[in-house]
1. Scan the stretch 251-273 and give yes if some residue there is free of Cβ contacts under 8 Å to residues at least 24 places away in the same chain and either within 23 Å of Pro30 (Cβ to Cβ) or part of a helix (DSSP H, G or I) (or both), otherwise no.
2. Please find, within the stretch 19-54, the residue that is modelled with the highest pLDDT out of those that are aromatic (Phe, Trp, Tyr) and surrounded by fewer than 20 Cβ atoms within 10 Å (Cβ to Cβ).
3. Among the helices (runs of 4 or more DSSP H) contained in the stretch 119-209, which hold 2 or more residues that are modelled with pLDDT of 95 or more and polar (S, T, N, Q)?
4. Anything in the stretch 38-65 that is part of a helix (DSSP H, G or I), within 18 Å of Pro294 (Cα to Cα) and not acidic (Asp, Glu)? List them, or say none.
5. Residue check: is Thr92 buried (at least 21 other Cβ atoms within 10 Å of the Cβ) and under 24 Å from Ser276 (Cβ atoms)?
6. Hey, among the residues in the stretch 274-311 that are polar (S, T, N, Q) and not in a loop (DSSP other than H, G, I, E, B), which one's surrounded by the most Cβ atoms within 10 Å (Cβ to Cβ)?
7. Please state which one of Pro84, Pro97 is surrounded by fewer than 15 Cβ atoms within 10 Å (Cβ to Cβ), in a loop (DSSP other than H, G, I, E, B) and not charged (D, E, K, R).
8. Do we have Phe11 as under 24 Å from Met285 (Cβ atoms), of a type in the set (A, V, I, L, M, F, W, C) and modelled with pLDDT of 90 or more here?
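The values are calculated or read from the model by the stated rules, or taken from the named source; none is laboratory data. None of these values were measured; they are calculated from a predicted model. Note: ideal-geometry Cβ built from the backbone for every residue, glycine included; neighbour counts use all protein chains shown.
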Amino acid sequence: MIKAAYLHIPFCEHICHYCDFNKVFLKGQPVEDYLKALDQEMKITLAKYPTNQLDTIFVGGGTPTSLNEQQLFTFCESINKNLPTSNAVEFTFEANPGDLSIEKLQILKDAGVNRISLGVQTFNEELLKKIGRVHKAKDVYQTIESAKRVGFENISIDLIFSLPSQTVDDFKESLTQAFSLDINHYSAYSLIIEPKTVFYNLLKKGKLPTPGEDIEAKMYEVLMDEMEKHGFHQYEISNFSKPGFESKHNLTYWNNEYYYGFGAGAHSYVNGFRRSNSGPLKKYMDQVNSGLLPVLDDHQVSKAEQMEEEMFLGLRKTEGVSISHFIEKFDQDPLQLFKKEITELISKQWIEVKNDNIYLTKTGRFLGNEVFQAFLGAV
């Protein structure tokens, strides 16, 4: 059963130096035509792969709130018309601080959006400039205040650590300011430098002073300690929340469940197939306007791959992988199937097995990627 949908808005008013998502400068783009194509893609997909009820909708980008008021209204109307939702759905919009006027917030609220995720990254204004962000720290406070005034209670912010020239003290200061916001969810990621980004080109030229692995590990340790101290439960490697405010949408991915992906460059996992959509806007719109699904790549996930994915996605969660759920889903015992890998990882003290769960130790969280890699190609 498909319980989640991701929708991609690729437009940005500014491109950040670290971003490798599918995005284009907003100016001069066929925004209305793109929204019509998105509407059409939802219709084609739901006719082919129907579902009764979605539990989560997540609109990301790009910058979804770079749409003007009329475009935002049209887009929200299209989502509500095409996707089966109820009052119980978690409906998230990503936004940048400073992008959300009261009018836009009201449009979102009226459309049933009940969760806002803000790309804050850091409160250090010098670092904000270095990474290509255009908002100021004060914009974060103003946007959150406005969102609360309109009635949003479920607000999350993203932070990035291990930024160029960032010190542990800089990061601690950002956390102090983040905790002053009185919100219920934080995501915090270490900077990953991806190909085709400004930062990647600078790194190749030796012009990007990154803090290094030891400082990055120290920042991650500070993050975990401070979150715990402030009453935020780490429910996934990079995510922290007050009880009941975990991101249901992201849990769909980590629980290895099916989800729709709509929009240029979006990914989906439907009925055993992982698909990615065409990225270039024109190609995406041409395919959809011809009545086709805008598929770039289509991969049927074998049972062996599904079981490996269940492990390395599930281990991202603090509670880890449920052994009984794995047996129920695949009719295989993960402790037998991955006996060699699990034994080795336990001996390194990177994972533990307790009662019904296989999960990362605190040390294992620092080495997540190495743990996950152990399960690739293991079956």
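1. No; the residues of the stretch 251-273 include none that is free of Cβ contacts under 8 Å to residues at least 24 places away in the same chain and either within 23 Å of Pro30 (Cβ to Cβ) or part of a helix (DSSP H, G or I) (or both).
2. Looking at the filtered set, the residue picked out is Tyr49.
3. Numbers: elements: 125-130, 137-150, 168-179, 198-204.
Passing ranges, in order: 137-150, 168-179.
4. Start the filter on the stretch 38-65 by keeping residues that are part of a helix (DSSP H, G or I), which leaves 38-48, 64-65.
In the following step, the residues that additionally are within 18 Å of Pro294 (Cα to Cα) were identified as 38-48.
Leu38, Gln40, Met42, Lys43, Ile44, Thr45, Leu46, Ala47, Lys48, listed by residue number.
5. Values: buried (at least 21 other Cβ atoms within 10 Å of the Cβ): yes; under 24 Å from Ser276 (Cβ atoms): yes.
Here the answer is yes, as Thr92 does meet what is asked.
6. So in the stretch 274-311, the residues polar (S, T, N, Q) come out as 276-278, 287, 289-290, 300, 302, 306.
Then keep just the ones that are not in a loop (DSSP other than H, G, I, E, B); that gives 276-277, 287, 289, 300, 306.
Values: Ser276: 17, Asn277: 24, Gln287: 19, Asn289: 14, Gln300: 9, Gln306: 14.
That would be Asn277.
7. On the way: Pro97 fails: surrounded by fewer than 15 Cβ atoms within 10 Å (Cβ to Cβ).
Going through Pro84, Pro97 in turn, just one is surrounded by fewer than 15 Cβ atoms within 10 Å (Cβ to Cβ), in a loop (DSSP other than H, G, I, E, B) and not charged (D, E, K, R): Pro84.
8. Details: under 24 Å from Met285 (Cβ atoms): yes; of a type in the set (A, V, I, L, M, F, W, C): yes; modelled with pLDDT of 90 or more: no.
In short, no.
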